[in-house]
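First up is the structure itself, then whatever we jot down about it.
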Amino acid sequence: MIPELRIEDYNYPLPDGRIAKYPLPERDSSKLLIYSGGTCRERIFRNLPEELPSDCIMVFNDTKVVPARLFFRRPTGAHIEVFCLEPHDPADYNVNFASTGCCRWKCVIGNAKRWKDETILYDAPEGSELSAMKLSADLISREGQTGIVEFRWLGSEPFSRVLELCGQVPIPPYLNRETETIDLERYQTLYAHIRGSVAAPTAGLHFTEKVLSEIDAKGIDRQNVCLHVGAGTFLPVKSSLVSEHPMHREPVVVKKDLLLKLARSGRKVVAVGTTSVRTLESLYYAGVSCIENGAPQDVDQWAPYTREYPYTLEESLSAIVEWLDRNNMDELKVGTRIIIVPGFKFRIVDMMVTNFHQPQSTLLLLISAFVGGDWKTMYDYALANDFRFLSYGDSSLLFRAG
């Protein structure tokens, strides 16, 4: 049954002064709140390895933020911001990034009402190398504030390079500032590898090479998944009932070796960030579609709540592995719209590392589900003890309730 939850019950006072507008000088010097069984204590993030079980599997999201904000100018002089969300043609990220001369993306369009049917040009300094590229955009179709945009440019540069030269890193709007030089480095995890996100998986921003080395030295099995974070991940829920909130699709990639470990090892699983949690917990339902339909299918938003499932985790994940083997593939690629709210049955993740999230957000609902509804204990503690909030804020290590 789809839970009947009111989003106003997941609100809390967050003064603007508690939002971290910039990262600390050292990634691992942030505070670390440790929550387990209704109690909170405090350490520094660089102490994290000491708090982890040595025989666990620790899962990171190795997606990489792309500089997805582009600024164009109409012939009348009006500015149009185009924010690339996901590739449309070619639809594959890697193929699209390798495109030369032309490609299409689904985009959010700022000042959309002022963009009619004309071609608009990238707002480059006159006479610069970027001006010679003659990057242009045409609006192919429109739906509210989003649309399909066709980009064209001169030269042999792939679109990935076009974004590097012309785009800006899309820092969260609640920072209330423009992108600065520091964001190019710090709004990216050290282990970011696969381009595609328009927002950082911010739980990973605290990790340094030293912390990662200490995790390795402890014998913890570090694994990667990839979920490209979409712009909708951090949006507040606008409907009063959570059941009326539509979740966006995000692409997921998980290697067969990790599926085998999750199915058979029995070890504790620590997820770094809500995106890793959503990726891992989506796997069970992708496996169910393998069992029942012969192939993995996108995970529906409410799939975990609409029926009882008779399959064990091992049966479900093994079904994915068998499907991969039959198709000579070594990684699962699927989409997920899963929403994790109180009432969700966690099947894989035992512990998670995460930041402090916005009031009335789907991420706060996920946290509440993970800690058995006791999110206010953590957030009251964080507010009372000078923790910094949101993307550049402090961190927490949470133990799953039950």
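Summary table
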{"quantity": "Calculated FRET efficiency for the pair Arg177/Leu383, C-beta based, R₀ 22 Å, to 0.05", "calculated": "0.45"}
{"quantity": "Hydrodynamic radius of segment 21-94 per Kirkwood, over alpha carbon pairs, in Å", "calculated": "17.6 Å"}
{"quantity": "Simple label model, 7 Å out from Cα along Cβ direction - Glu26 to Lys256, nm", "calculated": "4.4 nm"}
{"quantity": "Cleavage-rule hits (trypsin sites (Lys or Arg not before Pro)) in segment 193-232: DSSP loop, at most 16 neighbouring Cβ within 10 angstrom", "calculated": "Lys218"}
{"quantity": "Computed label-point distance, nm, for sites Leu154 and Asn11 using a 7 Å Cα→Cβ extension", "calculated": "5.5 nm"}
{"quantity": "Alpha-carbon Rg/Rh ratio, for segment 318-374, with Rh computed the Kirkwood way", "calculated": "1.12"}
{"quantity": "Fraction of beta bridges assigned by DSSP in the chain that are antiparallel (%, nearest 5)", "calculated": "75 percent"}
{"quantity": "All-pairs alpha carbon distance profile, segment 185-287, 5 Å steps from 0, percent", "calculated": "2, 10, 19, 22, 19, 14, 9, 4, 2, 0"}
{"quantity": "Cα convex hull of the chain - mean projected area over all directions, nm²", "calculated": "20.3 nm²"}
{"quantity": "DSSP-assigned coil residues among GluC sites (Glu not before Pro) in segment 124-220, each with at most 15 further Cβ atoms within 10 Å", "calculated": "Glu126, Glu178, Glu180"}
{"quantity": "Added length on full extension, which subtracts the Cα-Cα distance from 0.36 nm per residue, Arg307 to Leu184", "calculated": "39.8 nm"}
{"quantity": "Approximate shape of segment 1-147 as ellipsoid semi-axes (Cα gyration tensor, √5λ), whole Å, largest first", "calculated": "42, 22, 19"}
{"quantity": "Calculated FRET efficiency for the pair Lys376/Glu244, C-beta based, R₀ 30 Å, to 0.05", "calculated": "0.80"}
{"quantity": "In nm, spacing of pseudo-spin labels at Thr146 and Thr119 (7 Å Cα→C-beta vector)", "calculated": "2.7 nm"}
{"quantity": "Net +/- balance of residues flanking Ser54 in space, Cβ distance below 13 Å, scoring K and R +1, D and E -1", "calculated": "-2"}
{"quantity": "Net charge, Lys210 excluded, C-beta distance under 9 Å - Lys, Arg +1, Asp, Glu -1", "calculated": "-2"}
{"quantity": "Net charge of neighbours whose Cβ lies under 12 Å from the Cβ of Leu24, counting Lys and Arg as +1 and Asp and Glu as -1", "calculated": "+3"}
{"quantity": "Rounded Å value of the spacing that divides the Cα centres of segment 152-169 and segment 41-97", "calculated": "17 Å"}
{"quantity": "Cα-based equivalent ellipsoid of segment 69-167: semi-axis lengths in Å, sorted from largest, via gyration tensor", "calculated": "19, 18, 10"}
{"quantity": "Segment 245-402: C-alpha pair distances exceeding 27 Å, %", "calculated": "25 percent"}
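Rule-based calculations on the coordinates, nothing more; no lab input. The structure displayed is predicted, hence computed values, not measured ones. Cβ atoms come from the backbone with ideal geometry, glycine included; neighbour counts cover every protein chain shown.
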